[in-house]
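Note sheet for the following structure.
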Amino acid sequence: MSNPVVGIVMGSDSDFDIMKAAVSALDDFGIPSEVTVSSAHRTPAKSAEYARTARERGLKVIIAGAGMAAHLAGFMAAETTLPVIGVPIDAGPLKGLDALLATVQMPGGVPVATVSIGKAGAKNAGILAAQIIATADVEVAAKLTAYKERLVKEVEAKAKRIAK
Ligand code: RP5
């Protein structure tokens, strides 16, 4: 199996049920990824080290998912020049709005590409990472084109099913 090019990090194992949508999306495009748990608050040293060494370890994109006061993606973005995609997780009583704001509201100079809250966001994070990889990989680009064509066919089939 080839070396991972996308690092998927989450603040807790309780995020995995949602974050596995990012793993599957990358698997579907044949992009090798690695998965770990690391928290901006509970294991700050591990999170910083992960982000600092990501490029030299061969990663091209980091996907960081966290809930509540979700600082993981921003924390990683502070420590790397790789693109960081943030997935806000609906893990607490505020149903992800807390994580969305904490992830998306980065100060100027340290971007985090924030996707939607929860499973759709995790899936989109995987697809967005594939699109970033595809800027320099024609095979992945072709798979993305085929994926878009599948989406069109699926919607056409749905329209046919309910049309009157
Ligand atoms: C965040 O706190 C994690 O990303 C998770 O979404 C949330 C709850 O974590 P656990 O208490 O379930 O470990 O840091």
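The values are calculated or read from the model by the stated rules, or taken from the named source; none is laboratory data. Remember, predicted model here, so these are calculated numbers, not experimental data. Please note: Cβ atoms are built from the backbone with ideal geometry, for glycine as well, and neighbour counts cover all protein chains shown. The protein model used for the area step is the full one, side chains on, heavy atoms only, and it has no ligands, DNA or RNA in it. Shrake-Rupley method; radii C 1.70, N 1.55, O 1.52, S 1.80 Å.
Where only protein heavy atoms count, and the probe is 1.4 Å, what is the accessible area per residue for the chain in Å²?
Working: 8960 Å² over 164 residues.
It amounts to 55 Å² per residue over the chain.
Give the carbon-plus-sulfur fraction of the accessible surface of the chain in %, rounded to a whole number; probe 1.4 Å, heavy atoms of protein chains only.
About 59 percent, which is the carbon plus sulfur part of the accessible surface.
Would you mind counting up the charge near residue 134? Only other residues with Cβ under 12 Å from its Cβ, with Lys and Arg at +1 and Asp and Glu at -1. Before the final figure, lay out the partial values.
Details: positive: 60, 143, 148; negative: 137, 139.
It works out to a net charge of +1.
How do 75, 29, 16 rank by accessible surface area computed with a 1.4 Å probe, from largest to smallest?
The ordering from most to least exposed comes out as 16, 75, 29.
Going down the list 46/123; 20/95; 60/148; 95/160; 119/148; 60/153, which pairs span over 27 Å between their C-alpha atoms?
Over 27 Å Cα-Cα: 95/160; 60/153.
Any idea of residue 41's accessible area? Nearest 10 Å², probe 1.4 Å.
110
Give me the distance between the Cα centres of segment 72-126 and segment 10-62, rounded to whole Å.
The two parts, judged by their Cα centres, are 12 Å apart.
Put a dot 7 Å past each Cα toward the Cβ at residue 139 and residue 69; how far apart are the dots in nm?
Result: 4.4 nm between the two label points.
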